[in-house]
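The values are calculated or read from the model by the stated rules, or taken from the named source; none is laboratory data. Note that the structure is a prediction, hence the values are computed from the model and not measured. Cβ: placed from backbone, ideal geometry, glycine included. Neighbour counts: every protein chain shown.
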Amino acid sequence: MKHPLTNKANKYARDCVSGKVNVCLQVIQACQRHLDDMERKDFPFEFDMDKCERFLRFGELMPHSKGDLSGKTLKWEPWQCFCFGVPFGWVRKDNGLRRFNEMFLLIPRKNGKSFGAAVVGNYMFSADGEKGAEVYSAAGSEKQADFVFAPAWKMAKQTPAYKNRFNITLMGTPENPGKMCSLSDGSFFERVIGNPGDGGNPHCWIQDEYHESKTKDSYDTGKTGMGSRKQPMLLSVTTAGTNTKVPCFDLQKRVEKILSGDLVNEELFAVIYTIDKDDKWENFETWKKANPNLGVSVLEPYLRSQLHTALQSPRDQNSVKCKHLNVWSNAGQAWMNMVEWGKCEENLNINDFKGLPVSLGLDLASKIDIASKMYLFKKIIDAKSHYYLFSRHWIPEERTFDEEYAHYAGWVHTGFLTATPGARIDIHEIQETIKQDAKDFDLSGSENGGGEVCNDPWNAQQLITNLLNVGVQCVEIPQNVSFLSEPMKEIEACIRDGSFHHDGNPVTTWMMANVCCRVDKKDNIFPFKEGDENKIDGAVATITAMARAMYDEGIKSTPVPTFV
């Protein structure tokens, strides 16, 4: 048998490794792994080009079911020959059964990954030589499961020769496709929604958009149910997600170790299309690296429009980078444009602001984690308000001993984070620094032309009482949309027009990057974090301080703060 499609797959692997094709590190590693394995001696596996070619030729008999190519048969691109074909070519030397029983493909949207998965499903259902094969398209919803199942069903519907060859019966309609059955041997292909429970005996389990699954239940059901099959396949085909506390993210981290050689798993095949750590996502050339089907199923004008959207709207950046560059994000909608935030960093000296009024934002919500105090000063330059931000952060010393929080220890060492002895924040120490602030800056209250301590009314009550007793003026800023939306928008606007300046504290920068925002029907925004590890205390304290400063500016869309 000649092997034009398999040769295309192998050439793609060589071109990626040599740099002729611009791809990320993980794709290079996947290609190098394949090429190296073909050269290994005393290796229990071998690459059978006939079997790889058989699968790929099968795929090119399947028609597209929608779009401009509807009705025309698939023509594999080189990257698809590699990603979908190579796993079907690797076999065990002792018995000829497939080497890989698991595939993990992380591919951005619009690149044809679901269509490729549909071909895998049909092949495993009918042409893999497995009697009574059970194939499942699994997802969290029927709509999601149909991204793989519906194209597979329509492929069969539009290919009478395929239906006749394998004696396939189709239930349902093109608008609502149902179970596919082979009357020859009892094989079937159907959807599975949510947590299916045990009981199946899958030959192939396709987990589509695994990043949406909050638990491993469906994935584990598919994997554990394959025990009696000789050469099953579990295919996870997905994009990245916006929540790293999901099993898909953990699986990707394990896959990355396999590709790098730090972890050995000879039965898992994986390819990850993304951008590299130091790539500039703002450069469209970078996008070409992550989108292997550019110019075929995903068109350049569309991707350029997505890039333009992300550049113009910080809130859209995480979503766009996630879906089109496979960059995981822990924030559904990013608040801050971190490129612009970086431009606002200056070599500031807080001593230059001695005696000036200051809005002193406090966030002391947790006594066992980071507490933040943010100084926001205002100067009028050429009839325009400019804001200057300085930061102080505290952490219980015991938190810095945990390896998971090594970055805390690093910031303590460099002086950007202060560790207080023990397992709890020393509120008394923070109180004493504020008393000193009252001597160095003007905290006499707005009635006297000064500033105040701005705090959440639901925390630090005793601290505020102590400060009031020594003449430090305090004002409560409730943590709700009415009080925080406009200050958040004002900070964004000031950053864009160059009237916001900060001291470059890396703890603050980290917190700003962790802030995501909810948007309501009236376009109000509100800050929140996804995951306990993503601290935003300094960011919230900054927003609280701006809420007070905006009221002084006479911006009445911000509610009147409550003076204690």
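Things worth noting here:
- In the set (1) more than 22 Å from E476 (Cβ to Cβ); (2) assigned to a strand (DSSP E or B), G361 fails one condition alone, (1).
- Residue in region 226-236 that is surrounded by 15 or more Cβ atoms within 10 Å (Cβ to Cβ), in a strand (DSSP E or B) and in contact with a Lys or Arg (Cβ under 8 Å, 6 or more places away or on another chain) present: yes
- Among residues of region 143-160 that are of a type in the set (S, T, N, Q), those with a Cβ under 8 angstrom from a residue that is assigned to a helix (DSSP H, G or I), sequence gap 6+ or separate chain, pair up as Q144/E212.
- Residue check for F401: over 30 Å from T239 (Cα atoms), touching a helix residue (DSSP H, G or I) at 6+ places or on another chain (Cβ under 9 Å), surrounded by 16 or more Cβ atoms within 10 Å (Cβ to Cβ) and of a type in the set (A, V, I, L, M, F, W, C): no
- Scanning region 154-192 for residues that are under 17 Å from S126 (Cβ atoms), of a type outside the set (S, T, N, Q) and assigned to a loop (DSSP other than H, G, I, E, B) yields F166, L183, D185, G186.
- Members of region 193-210 found to be crowded, with 21+ Cβ neighbours inside 10 Å and not in a helix (DSSP H, G or I), listed by number: P202, H203, C204, W205, I206, Q207, D208, E209
- Exactly one residue among D503, D537, D520 is of a type outside the set (V, I, T), over 30 Å from K384 (Cβ atoms) and in contact (Cβ under 8 Å) with a residue 12 or more places away in the chain, and that residue is D520.
- Of all residues in region 275-311, exactly one satisfies the criterion of being in contact (Cβ under 8 Å) with a residue 12 or more places away in the chain, within 24 Å of R496 (Cα to Cα), in a loop (DSSP other than H, G, I, E, B) and not acidic (D, E), namely W281.
- Positions within region 7-42 being in a loop (DSSP other than H, G, I, E, B) and either touching a strand residue (DSSP E or B) at 6+ places or on another chain (Cβ under 8 Å) or within 15 Å of P292 (Cβ to Cβ) (or both), in sequence order: K20, V21, N22, V23, C24
Residue-wise test of (1) over 14 Å from M233 (Cβ atoms); (2) in contact with a His (Cβ under 7 Å, 6 or more places away or on another chain); (3) free of Cβ contacts under 8 Å to residues at least 12 places away in the same chain.
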{"site": "E39", "(1), (2), (3)": "yes, no, yes"}
{"site": "D42", "(1), (2), (3)": "yes, no, yes"}
{"site": "W76", "(1), (2), (3)": "yes, no, no"}
{"site": "Q80", "(1), (2), (3)": "yes, no, no"}
{"site": "R92", "(1), (2), (3)": "yes, no, no"}
{"site": "L97", "(1), (2), (3)": "no, no, no"}
{"site": "M103", "(1), (2), (3)": "no, no, no"}
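Residue-by-condition table, conditions (1) crowded, with 16+ Cβ neighbours inside 10 Å; (2) within 14 Å of P108 (Cα to Cα); (3) not β-branched (V, I, T):
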| site | (1), (2), (3) |
| --- | --- |
| V255 | yes, no, no |
| D262 | no, no, yes |
| K280 | no, no, yes |
| K288 | yes, yes, yes |
| L303 | yes, yes, yes |
| T309 | no, no, no |
| S313 | no, no, yes |
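- Among (1) farther than 22 Å from K354 by Cβ; (2) touching a residue at least 40 places away in the same chain (Cβ under 8 Å); (3) not basic (K, R), the one test that V412 misses: (2)
- Here S446 meets the list (1) within 21 Å of M550 (Cβ to Cβ); (2) buried (at least 18 other Cβ atoms within 10 Å of the Cβ); (3) modelled with pLDDT under 90 almost entirely, failing just condition (2).
- Take the conditions (1) crowded, with 16+ Cβ neighbours inside 10 Å; (2) of a type in the set (G, A, S); (3) in a helix (DSSP H, G or I); A270 misses just one of them, which is (3).
- Candidates A270, A240, filtered to the one that is at pLDDT 95 or above and under 26 Å from G140 (Cβ atoms): A270
- Test for R109: is it within 30 Å of K321 (Cα to Cα) and of a type in the set (K, R): yes
- The listed residue being more than 21 Å from I370 (Cα to Cα), out of contact with any Gly (no Cβ under 8 Å at 6 or more places or on another chain) and surrounded by 20 or more Cβ atoms within 10 Å (Cβ to Cβ), out of I430, I491, I425: I491
- Test result for S213, surrounded by 13 or more Cβ atoms within 10 Å (Cβ to Cβ), at pLDDT below 95 and among the hydroxyl-bearing types (S, T, Y): yes
- Residues being hydrophobic (A, V, I, L, M, F, W, C) and either within 16 Å of L106 (Cα to Cα) or surrounded by 24 or more Cβ atoms within 10 Å (Cβ to Cβ) (or both) - total across region 66-87: 6
Quick grid of which residues meet (1) among the hydrophobic types (A, V, I, L, M, F, W, C); (2) over 14 Å from Q80 (Cβ atoms); (3) surrounded by 15 or more Cβ atoms within 10 Å (Cβ to Cβ):
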site: N10; (1), (2), (3): no, no, yes
site: A13; (1), (2), (3): yes, no, yes
site: G19; (1), (2), (3): no, yes, no
site: Q26; (1), (2), (3): no, yes, yes
site: A30; (1), (2), (3): yes, no, yes
site: D37; (1), (2), (3): no, yes, yes
site: D48; (1), (2), (3): no, yes, yes
site: P63; (1), (2), (3): no, yes, yes
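- Restricting attention to region 82-121, the residues that are within 15 Å of D48 (Cβ to Cβ) and either outside any loop (DSSP other than H, G, I, E, B) or among the aromatic types (F, W, Y) (or both) total 10.
- Scanning region 449-463 for residues that are surrounded by 15 or more Cβ atoms within 10 Å (Cβ to Cβ) and closer than 20 Å to F353 by Cβ, we see that the one that is modelled with the lowest pLDDT is G450.
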